[in-house]
Amino acid sequence: MKLQWDEFTRRAWSTVPGVNITVPRFGEFYSVESLDPSLVFKEISQTLLKFKKHMQSLGYVDGVDLLSAGYDWRQVPSAEWMDATASLIERAVKTTGRKVVLVGHSMGCPFIYAFLKSLKREWAERNIDSFVAVAGPWAGAYKAANAFFVGFADYVPIAGYAYASLVRHMASVWLLLPRAQGLGADELLATTPSRNYTNAELEKLLSDAGMDHTAEKLAASSAIFTKWSSDYSEPLNVPVVCLAGTGKSTPGTLVFDKDIERGTPDGGWTHSKTTLAIDGDGTVPLASTRYACDQWAKHGGNATTVLLDGAEHLSVLKDARFFDEVTRLSCAN
């Protein structure tokens, strides 16, 4: 599952030869309604299943005017995914005679951002009504950085540390690392007995821990932001609503009880002891989930931030307030 770093160009990751990730039934909700689509685990591992049922109760039909654009979650957005998504949207508009409302959750938000920025304004105005960004990690998350050290086992039956060596080789997780622009360059990223690392020193922290070509990998993963300005000073060409969970204890500064020791990219990293809690949705800090919309609004864009008190990062997909926002836009379209 690990991606290979191109040692020659030092600009991109690639899939291991012989490994191919596909999205089953692209366009239908099958691949996004639960983590495990089997009859046994479909309900208990649901993600967008409840949302799908809500939209169907309003008359929407899966695969016709209720569509999904799944992607290889290890990678950053590809041209192939953007083309397939554009075709899906054009088909829906032709079928229904109405513009589409785009809904992104978590990493899906920067994917849609990259998609929207790749479009010609005329095409976007003709086909897209609005964009609802749910729990978007616009400035990253400390939890992603901590995953490099101790792994990440939420929602998946894998021992945390066994997962750490995988996430270090996933372009998407590099995309989710905390960004100084939105979380504050001087804010504390990590603390050890002998020194502190600020958000501006993310590259130094990862290099000290044993990651090779850190600067190049950070640049490659963040290209979808830096190409169009990472401070989101250029508004998108469609109305945006950012739904940001608040009131949940969320991982913040990484706390190490011993100094960072250099390991290897595949293992042996110093474990962080814990993280300091900050406000957010339990995964992404509030400062990150609201950052892009706040910036777009500041620079004259049609962007609104809606705070959802008590909304958790994944369970927000079952939250009536999320349903209401999407219903308001889609049924007015």
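The values are calculated or read from the model by the stated rules, or taken from the named source; none is laboratory data. In this text the structure is predicted, and so the values were computed from the model without any measurement. Every residue, glycine as well, gets a Cβ built from its backbone with ideal geometry; the counts of neighbours run over all protein chains shown. Calculation scope for accessible area: heavy atoms of the full protein, side chains included, ligands and nucleic acids excluded. Shrake-Rupley method; radii C 1.70, N 1.55, O 1.52, S 1.80 Å.
Rolling a 1.4 Å probe over the protein heavy atoms of region 194-333, with every protein chain left in place, gives an accessible area that is 49 percent carbon and sulfur. Result for the chain in a Gaussian network model with C-alpha springs under 10 Å: among Gly104, Gly140, Gly263, the largest mean-square fluctuation is at Gly263. Database remark: amide H of Leu308 closer than 5 angstrom to the amide H of Ala244, Gly245, Thr246 (H placed geometrically; neighbours at sequence offset of 5 or more, or on other chains; Pro and chain starts carry no H). The alpha-carbon of Lys99 sits under 18 angstrom from the alpha-carbons of these lysines, leaving out residues fewer than 8 places away in its chain: Lys117, Lys120. One equal scatterer on each Cα of the chain, no solvent, Debye formula: the resulting log10 I(q)/I(0) at q = 0.10, 0.11, 0.15 Å⁻¹ is -0.58, -0.71, -1.36. Here Val150 sits with roughly 40 square angstrom of accessible surface, probe radius 1.4 Å.
Mind checking the dipole of the chain: about its Cα centre, +1 per Lys or Arg Cβ, -1 per Asp or Glu Cβ, Debye to the nearest 20? Please list the in-between numbers first.
Values: 33 positive and 37 negative charges, 100 e Å.
Here the chain has a charge dipole of around 480 debye.
Straightening the chain between Arg321 and Leu276 buys 13.3 nm, computed as 0.36 nm per residue apart minus the Cα-Cα spacing. Between Lys204 and Phe41, the distance separating the two model label sites (each 7 Å from Cα on the Cα→Cβ line) works out to 4.2 nm.
For region 112-125, the Karplus equation 6.51 cos²θ - 1.76 cosθ + 1.60, evaluated at θ = phi - 60°, returns couplings of 5, 4, 4, 4, 5, 6, 8, 8, 6, 4, 4, 5, 4, 5 Hz by residue, with Gly and Pro reported as x. For region 1-104, the solvent-accessible area of protein heavy atoms averages 58 Å² per residue (probe radius 1.4 Å; ligands and nucleic acids excluded).
Which percent, to the nearest 5, of DSSP beta bridges fully inside the chain are antiparallel? Please report the intermediate quantities before stating the final value.
Values: 16 of 37 bridges.
Of the beta bridges lying entirely in the chain, close to 45 percent run antiparallel.
Residues in region 70-82 carry Karplus couplings, in order, of x, 8, 6, 6, 7, 9, 8, x, 9, 4, 5, 5, 4 Hz; the curve used is 6.51 cos²θ - 1.76 cosθ + 1.60 with θ = phi - 60°, and Gly or Pro positions show x. Where does region 238-333 land on Rg/Rh, using Cα atoms and the Kirkwood Rh? Value, to two decimals: 1.14.
What does the accessible area per residue of region 169-316 come to in Å², with a 1.4 Å probe and no ligands, DNA or RNA counted?
Using a 1.4 Å probe on heavy atoms only, each residue of region 169-316 averages 40 Å².
Under the rule that an exposed site lies in a DSSP loop and has at most 15 other Cβ atoms within 10 Å, name the longest stretch of the chain with no trypsin sites (Lys or Arg not before Pro) of that kind, not counting the sites themselves. By the stated rule (loop sites, at most 15 other Cβ atoms within 10 Å), 121-194. The fraction of accessible area contributed by carbon and sulfur in region 1-111 is 56 percent, rounded to a whole number (1.4 Å probe; ligands and nucleic acids excluded). Estimated from helical segments only, the mean residue ellipticity of the chain at 222 nm is -9000 deg cm²/dmol, where each DSSP H run of four or more residues counts as -39500 (n - 2.57). Amide H contacts of Glu33: Leu48, each under 5 Å away and 5 or more positions distant or on a separate chain (H built 1.01 Å from N in the peptide plane; Pro and chain starts excluded). Amide H to amide H distances under 5 Å link Arg11 with Asp6, where only residues 5 or more positions off or on other chains count and H is placed in the peptide plane.
Can you put Thr264, Thr96 in order of accessible area, largest first, using a 1.4 Å probe?
Details: Thr264 75, Thr96 50 Å².
Result, largest first: Thr264, Thr96.
Left without a cysteine partner by the 4.7 Å Cβ rule in the chain: Cys109, Cys331. The solvent-accessible area of Val103, taken with every protein chain present and a 1.4 Å probe, is close to 60 Å².
The HN-Hα couplings worked out from phi for region 317-325 by the Karplus form 6.51 cos²θ - 1.76 cosθ + 1.60 (θ = phi - 60°) are 5, 10, 7, 4, 5, 5, 4, 4, 5 Hz, whole numbers, x standing for Gly and Pro.
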